[in-house]
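Trainee: Following this message is one structure expressed as structure tokens.
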């Protein structure tokens with residue numbers, strides 16, 4: 001079952017004094033491109049959190065956000081009383097004003113708040129891990145749902161390609177007959193005597209160069225293999241992309257050998273369907 005690289009997951013954990021929110025957004029990318037946003041106090045855990053996300057999501061352009069909101073009495077900042085008093089003393093020396101007014105002015109100046117950095121509490125970090133785990137489940141569910149939509153679209157287009165291939169196979173005898181007729185006419189227009197046996201040998205050799213039997217067989221096998229790979233337990237976006245390249249190779253070869261306008265029109269339709277598959281393939285994990 002294939003998965004999309006597009007997804008979103010969010011989970012909120014309410015602790016006694018903090019509200020922790022984890023958000024994950026994912027878009028398509030050739031490799032893992034992880035961008036993390038979190039408060040500076042939690043940076044020590046960034047590497048560990050990155051490893052957890054990378055292990056779960058594998059690939060994609062991923063934005064990870066960790067947001068912490070204080071909801072209780074806890075605070076990490078305190079008024080730097082000594083600095084505020086010193087500012088007030090200096091302000092009083094150069095301007096008149098009551099203490100309340102001077103304090104308001106002083107609190108706007110630098111270093112009036114001091115922040116003490118505490119180690120992350122074990123329960124708090126467990127809450128973060130729990131939120132991340134739930135957000136990962138949500139984004140993976142989102143990816144699976146998007147993958148199901150992609151799989152249905154691929155199936156429809158593969159069936160269309162198979163139908164077009166069947167039309168190509170049904171048209172092949174007509175094509176070879178038309179090519180032979182053109183060559184016979186070209187020789188007749190020369191109005192010269194030719195050795196019939198030699199001409200027939202050359203004609204057979206010429207028609208063999210335009211034979212597309214191998215390409216038809218390989219193309220049908222590639223289409224079946226694409227479907228089988230989609231049904232595998234893991235999402236194999238890179239493998240599917242490779243198979244689609246092989247499908248394109250066979251279609252191009254059939255087109256170059258066709259030498260028959262009605263068949264070339266079918267080849268153009270096949271290329272159009274394959275191009276739509278390749279566009280959607282960019283989103284497959």
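Trainee: First measure r as the distance between the Cβ atoms of residue 36 and residue 169, then evaluate 1/(1 + (r/R0)^6) with R0 = 45 Å and state the FRET efficiency to the nearest 0.05.
Mentor: Working: r = 54 Å, r/R0 = 1.19.
The formula returns an efficiency of 0.25 here.
Trainee: Over the chain, with a Gaussian network built from C-alpha contacts below 10 Å, which listed residue (107, 240, 176) shows the highest mean-square fluctuation?
Mentor: Looking only at 107, 240, 176, the biggest GNM fluctuation is shown by 107.
Trainee: Sum -39500 (n - 2.57) across every DSSP H segment of at least 4 residues in the chain, then divide by the residue count to get the 222 nm mean residue ellipticity, nearest 500. Walk me through the intermediate numbers first.
Mentor: Numbers: 8 runs with 178 residues, N = 285.
Dividing the helical sum by the residues of the chain leaves -22000 deg cm²/dmol.
Trainee: Which whole-number percent is the relative contact order of the chain (Cα, under 8 Å, 6+ apart)? Before the final figure, lay out each step's value.
Mentor: Values: 363 pairs, mean separation 75.7, N = 285.
Once normalised by length, the contact order is 27 percent.
Trainee: Based on the mean of other Cβ atoms within 10 Å per residue, sort peptides 2-8, 58-64 so the most packed one is first. Walk me through the numbers on the way to the answer.
Mentor: On the way: 2-8: 22.4, 58-64: 20.1.
Those peptides, ordered most packed to least, come out 2-8, 58-64.
Read the figures in this text as sums done on the coordinates, not as results from a lab. From a predicted model like this one, the values you see are computed outputs, not experimental measurements. Using ideal geometry, Cβ is built from the backbone for each residue, glycine included, and neighbour counts are taken over all protein chains shown.
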